[in-house]
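Only the coordinates and a few stated rules stand behind these numbers; no lab work does. Keep in mind it's a predicted model, so treat the numbers as computed, not measured.
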Amino acid sequence: MKKYLLPSALILLLGLGVALAQTFVRAVQLSQDTTGAFSIDSNNGIYFPGHVLSIGTPAPTVIGNGSPTVTGTDFNGTITMQGTTAATLFGRAYLTLPSCVVTAAGTLIGYSLTVTGINTTQTAAQRLGVNYFCSSAS
């Protein structure tokens, strides 16, 4: 009986070590059914048959001259600039610098990105709509 005790303990510890190495919080179980909400190919490419929507909270806040406003989320939205400068502060900061596509319906001088927001600049005190779409790995 004693000769099986040490090997059994080692196997138990090895199994426990493997179990503790996994740190998954959530997962999606995939099936062969292609009628679901999305599809994943053999290269882990994701295909969405409908629109990709983002949750409306947390909503970003906006600071700047002339009381600019924002509609949207950290994922995408529109800043309506009313002064010469504006900064959109994300509702929740990204862990890494996001990649953003920023377009303007007017003369936008420039923008800069941080993990906490988008800083935009325009030349005239006009009502300028700035659209953004941001995504990050974390």
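One-quarter of the Cα convex hull surface for the range 68-138, in nm²? Numbers along the way, then the final one.
Numbers: hull surface 15.4 nm².
Approximately 3.9 nm², given one-decimal rounding.
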After finding the eigenvalues of the alpha carbon gyration tensor for the range 99-138, what semi-axes result from the square roots of 5 times each, listed largest first in whole Å? 21, 10, 7
